[in-house]
Structures are given as C-alpha cells and as structure tokens.
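Heads up: the structure comes next, in structure tokens.
Readers should treat all values here as calculations from the given coordinates under stated rules, not as data from a laboratory. Computed from a predicted model, the values in this text were never measured in an experiment. In this analysis, Cβ positions are derived from the backbone assuming ideal geometry, glycine residues included, and neighbour counts consider all displayed protein chains.
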Amino acid sequence: MDDFKRREFIKLSALGFAGIALQLNSITTYAQSANAHFGKWNQDTAINWDAFLERLTQLAKTQYEIPWDQKQYTQQVKQLLLQCHFPGFENIRKELESYEDRTPNMAEATNLHMEVDFQVSLFQFEKGEYIPHHDHPDMTGVINVVSGSILAKNYSLEEQLSTTREIIKNGRKEVMQKCTVREVGNEIIEGGHVSVLTAHEGNIHSIMPNLYTQMVDVFTPAYKQDTSTIWYQVNEDGFSEGQKNVFEAEYVNKELSEVNVIKLRNRKLNRYVGAYKVRETSYLKVYKKEDDIILERTPNLDTPGMLMKLLPYEHNKFWVEDQPIRCVFNIGDRKEAESLTLFVSGTSITANKIK
Ligand SMILES: [Fe+2]
C-alpha cells in the first residue's frame, strides 16, 4: 500500500473569487490525509484528491527555479489533471451535488484548495454565463473542462499604447488605456480537455460556456489579496492596422482613475449600519469608523473578515476603495437601508439587512 501522509490544507470558499468575482474571500482550515506518495506516483496511478495535491505541490515548486519553464510546468499539470476523475473525489462530489445557481449570469466559483504556491478552483457555469476578457498577472492557469463545453479565447498582450481617454461612470473618472493583444487561441474545449495559459502566452482569456459546464482550474501561484486582475474590452471587429490576429483593446488604468467622492453627514451614515445576509455562509457587516463607512465580508457574523472602505459618490451609492465594485444601499420607507446590492463585472448580488 502506498505511503500515507497527513497534511494541513487551507480551504477557501468564495462568493466568486479574486479577479473573477468579488475578491471577497473567507478562509477555513481542514485536514486531510493523502494516500499516495509522490515518489510512488506514475502516469498510470489512479489518484485521489490528496495524491493530486501532493503531486501538484511538488510540481509547483518549479516556479522558484530561474528561469521557470512555464510551458513544461503547465503541460505537467495538464497531464495530472487529465488523470483525475474529479466528480469521484468526495470533496468535489459534495460541491457538485450542492450546486445552485446562486448568482444568475455569473459563474459559481469555489476555491477547493489554496496555498501560496497554487490554488485549485471549481467553476460551475450555466449556459451563457460569460466571463469576459481578463488577465492573470504573473500566473499560469490550467483549465480542465470536467463536463460541458466552453469557447475559450486566449490573447497575449502585444503592445501597450500611449493613447488614453477619460470616461465618467457612476461617479468615477476612469482612464481607459489602449493596447493591442494577439489572439493565440480560439477553440471549443469539450469535457475531458484542457486549456492552458502562461504568464506570457495567452494570459488574457475569455470563457463562454455553451451549456452547463464544470471546470477545475489550477492557478500558479495562487491569487493574493493584492492581485489586480485587468479586464479588457477587445475590439474583435477587425485586426489592428491589418496585423493578422492582432486586435485593439482597452482597459481601465486603475492608477489614473479615481472616484469623485462626495461628503456625507456622519449621522446619515447610520442608515447603512447593520448586518446583511448574502447566504448562509456569507455575510456583509457595515459599520462606521470615525467618518468612514466600512464593509466587512465574513462567513459568519462572529468571525472577522475582509475589510473594505466605501467611498460615497452619490447618496446611498458607494465604490469599494481600490476595487471595481459598487455598493448601492436600497432604502425603504423608513429611510433605512433594507438591503444592499454589489455590482461587479456586469452582474450584481443583493444582500438583505438582517439586523
Ligand atoms: Fe481566467
């Protein structure tokens, strides 16, 4: 029998996850035991979840090699993913069985495992729950379509252009920066197949599920609190200056963009203060701290969570500081907030006030 090894892993469940959804995560820990050891692993070994993590842990250490051969690494991860029957893994089976389309028009994302070196995420999409073009800064991604089918388009950043334009959107001045991107992949990926991106090739992608689709993705290294995903609008109508497969694109230059903050009277802030429930394992607490209003996301009301400062740009409307997330309080007849709605990446989530 293979060696057994006990390890501590971190599980991170998310409303979405950094860069994809709300970048609002909560962390719980749990322990598992591995039943296959890396030294006894070969390409025919039937592996379970813990053996999968063992192997991935070993492979992900190559990111510290200089230079890091990302092509080789992503091919190794691809091979590993293809050896796994994820729906048969107990932790994933539970996630699949408890699936609900909680956020219409948006993929459901669960982080199955997270450590500094890599993370493994499960995505479940309804047909048409499109993820627009976005990058994965300094990361590789190996995307395994477990079931269903997606159209995956991948681009590499070709050139940063100096052209910018300003737009005012929901009380925020956004500086749109132009660039060009080169299409390096445009294919339908069916269940049992894998799509790959590295830090330099195909790092920008979009995903369109053609039917209900499940994906298990490995990102290396893991998303960090300050990972700043860029969302691109790619003009796919025609090539840029006749260059084959090169398209113009635009993104928000966050450093040059700013919120036109208005001043709210301190007592007016009281109407927002309270606890809001997204779902059973996801709450938002709103409270005042001096003249500021703080939003805190927690898995339950007794646990400290991630803190975000809200910047008012109109009455009852805020931006989350340094995030592309808007928070709008829905005010009832008693001039108190009854719920709040978070807007991100073209979709929204509403949480009702519970106290
Ligand atoms: Fe992505």
Checklist outcome for this item: Ranked from fewest to most other Cβ atoms within 10 Å of their own Cβ, Leu80, Leu340 fall in the order Leu80, Leu340
Checklist outcome for this item: Measuring from its Cα centre, the chain shows a charge dipole (+1 at each Lys and Arg Cβ, -1 at each Asp and Glu Cβ) which, in debye to the nearest 20, is 1560 debye
Item to check | Most to least packed among 228-238, 204-214, 136-146 [average Cβ atoms within 10 Å] | outcome: 136-146, 204-214, 228-238
Next on the checklist: Using Cα springs under 10 Å in a Gaussian network model of the chain, which residue among Gly242, Gly128, Gly191 shows the largest mean-square fluctuation?
Outcome noted: Gly242
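If you rank Phe123, Phe89 by fewest surrounding Cβ atoms within 10 Å, what's the result?
Lowest to highest Cβ neighbour count: Phe89, Phe123.
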Checklist entry - Extension gain Tyr313-Gln233, at 0.36 nm per residue separation less the Cα-Cα distance, in nm? => result 26.3 nm
Checklist entry - Which value, in debye to the nearest 20, describes the size of the charge dipole of segment 261-353 about its Cα centre when Lys and Arg Cβ atoms bear +1, Asp and Glu Cβ atoms bear -1, and nothing else is charged? => result 300 debye
Checklist outcome for this item: Taking 0.36 nm per residue of separation between Leu161 and Ser348 and subtracting their Cα-Cα distance, the length gained on full extension comes to 64.1 nm
Item to check | Modelled label reach - Asn245, point 7 Å along Cα→Cβ, segment 180-203 residues with backbone N closer than 12 Å | outcome: 182-187, 202
Checklist outcome for this item: So the angle from the long Cα axis of helix 70-82 to the longest Cα principal axis of the chain, reported in degrees to the nearest 10, equals 80 degrees
Checklist entry - Lys244: which aspartates and glutamates have alpha carbons under 14 Å from its alpha carbon, excluding same-chain residues fewer than 8 sequence positions away? => result Glu158, Glu183, Glu236
Next on the checklist: I'd like to know which of Tyr232, Asn91, Gly305 lies farthest towards the positive end of the charge dipole of the chain, counting +1 on Cβ of Lys and Arg and -1 on Cβ of Asp and Glu.
Outcome noted: Gly305
Checklist entry - In terms of Cα to Cα distance under 15 Å, which aspartates and glutamates are near enough to Lys353, apart from those fewer than 8 places away along the same chain? => result Glu280, Glu296, Asp333, Glu336, Glu338
Item to check | Sites Asn170 and Thr303, calculated FRET efficiency, Cβ-Cβ separation with R0 35 Å, nearest 0.05 | outcome: 0.65
Checklist entry - Of Lys173/Lys355; Lys224/Lys254; Lys127/Lys224; Lys263/Lys309; Lys169/Lys355, which ones are farther than 25 Å apart at the Cα? => result Lys173/Lys355; Lys127/Lys224; Lys169/Lys355
Next on the checklist: If neighbour count is taken as other Cβ atoms inside 10 Å, put Ile293, Ile47 in order from fewest to most.
Outcome noted: Ile47, Ile293
Checklist entry - Taking the chain as the region of interest, what is the percent of Cα-Cα pairs per 10 angstrom bin, listed from the shortest bin to the one with the maximum distance? => result 5, 23, 31, 25, 13, 4, 0
